[in-house]
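Asks: Pasting in a structure now, in structure tokens, and then I'll have a few things to ask.
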Amino acid sequence: MSKIAVIKTGGKQYKVQVGDTIKVEKLEAENGTKVKFDTLLIVDGEKLEVGEPSLGEKVEAEVIETAKGKKVTVVKYKNKTRYKKTVGHRQQFTAVKVVSIA
């Protein structure tokens, strides 16, 4: 069994292993560069490391791409007042591939 880690970025937590590709909130990094993530927990077989609140930056990943997600349409409507407003939104994300867990 390989190492499993829980990382925190963009206000969210992700469970990752080496080789995983995940989409996270947009990072200010170029394609191909390495980034490190704040690590909350590492499990290696029977060994468990828990950070209080974190273990530091022990997970390293490579940036694959930065792009926009699918469009989400939001509609505001008020009954009997002839008010209707439609807004579209595409959230930006960064796809990263986990390279190593220390």
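Asks: What list of ³J(HN,Hα) values in whole Hz, one per residue of the range 37-49 in order, does the Karplus curve 6.51 cos²θ - 1.76 cosθ + 1.60 (θ = phi - 60°) give from phi, with Gly and Pro shown as x?
Replies: Per-residue couplings from phi come out as 10, 5, 9, 9, 7, 9, 10, 10, x, 8, 7, 10, 10 Hz.
Asks: A further question follows. Taking the Cα atoms of the chain, what is the range of coordinates along each of the three principal axes, in descending order and whole Å?
Replies: Computed over the Cα atoms, the extents are 62, 29, 22 Å.
Asks: Also, quick follow-up: In a solvent-free Debye calculation with one equal scatterer on each Cα, what is log10 I(q)/I(0) for the range 46-94 at q = 0.16 Å⁻¹, listed in the order of the q values?
Replies: -0.73
Asks: Also: Filter the cross-link list K23/K85; K23/K58; K23/K78; K15/K68; K23/K71; K23/K76 down to pairs whose alpha-carbon distance in this structure exceeds 25 Å.
Replies: On the way: K23/K85 30 Å; K23/K58 19 Å; K23/K78 36 Å; K15/K68 22 Å; K23/K71 16 Å; K23/K76 29 Å.
Over 25 Å Cα-Cα: K23/K85; K23/K78; K23/K76.
Asks: If you put +1 on each Lys and Arg Cβ and -1 on each Asp and Glu Cβ, how big is the dipole of the chain around its Cα centre, in Debye rounded to 20? Can you show the working numbers first?
Replies: Details: 21 positive and 13 negative charges, 305 e Å.
It works out to roughly 1460 debye.
Asks: Okay, moving on. For D20, enumerate residues with amide H under 5 Å from its amide H, sequence gap 5+ or separate chain, H modeled in the peptide plane.
Replies: The list, which skips near neighbours in sequence, is V98.
Asks: Given a cut-off of under 8 Å on Cα pairs at least six residues apart, what relative contact order in percent is computed for the chain?
Replies: Details: 233 pairs, mean separation 32.1, N = 102.
In percent, rounded to a whole number, it is 31.
Asks: May I ask which residue of Y83, L55, V99 lies farthest towards the positive end of the charge dipole of the chain, with charges of +1 (Lys, Arg) and -1 (Asp, Glu) on Cβ and the Cα centre as origin?
Replies: Ranked along the dipole, the leading option is Y83.
Asks: Can you compute the label reach from Q91? Point 7 Å from Cα along the Cβ direction, backbone N cut-off under 19 Å, restricted to the range 1-26.
Replies: 7-16, 21-26
Computed from the coordinates by the stated procedures, all read-outs in this text should not be read as laboratory data. All values derive from a computational prediction rather than experimental measurement. Quick reminder, even Gly has a Cβ in these numbers, built from the backbone with ideal geometry, and neighbours come from all protein chains shown.
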